[in-house]
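We did not get these values from a lab; they are worked out from the coordinates using the rules stated. All values derive from a computational prediction rather than experimental measurement. Every residue, glycine among them, receives a Cβ derived from its backbone with ideal geometry; neighbour counts consider all protein chains shown.
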Amino acid sequence: MTQYILITRYNYKLHPKELETMQAAVADRFANIPGCQWKIWLLDETKKEAGAVYLFDGKPALESFRNGRLFGSVLTNPAFANFDMRMYAIAEKPSVITNAPLKHFEFFF
């Protein structure tokens, strides 16, 4: 099954320490998303931008998360604005060659 990456970006209206506290409070919920192998949290304090990069086992898991309550709570949070989301299928063979942190697959070239 092809793995998928979800990249999110948004502006935040909180003090950076408040954002950090909020993120730490919900990190366990994001650590247990079905079909999500990992999430990397992104932050640019100078632009008041935050976001994330997620790795999903496949498109069904990504779609389930995207249509679920947890993701919806981010989209509807009044502390966040200008939300942008991008989904990409992973080109797995060259990604494995370049040491991408993906689930190990057996590829036959």
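Overview of results
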quantity	calculated
Label-reachable residues, region 74-95, where backbone N falls under 12 Å from a point 7 Å from Arg29's Cα toward its Cβ	74-77
Order by protection proxy (mean Cβ within 10 Å, highest first), peptides 73-82, 54-63	54-63, 73-82
MRE, 222 nm, helices only [DSSP H, n ≥ 4, -39500 (n - 2.57), over the chain, to nearest 500]	-9500 deg cm²/dmol
For region 32-109, alpha-carbon Rg over 2.2 N^0.38 Å	1.29
Segment Thr76-Ile97, length gained on full extension (0.36 nm per residue, minus Cα span)	3.7 nm
Nearest-ten-degree value, helix 16-31 long axis tilted from longest Cα axis of the chain	40
Sequence-distant lysines (8 or more away, or on other chains) whose Cα lies within less than 28 Å of Lys13	Lys39, Lys47, Lys48
Relative contact order (%) - the chain, alpha-carbon pairs under 8 angstrom, separation at least six	41
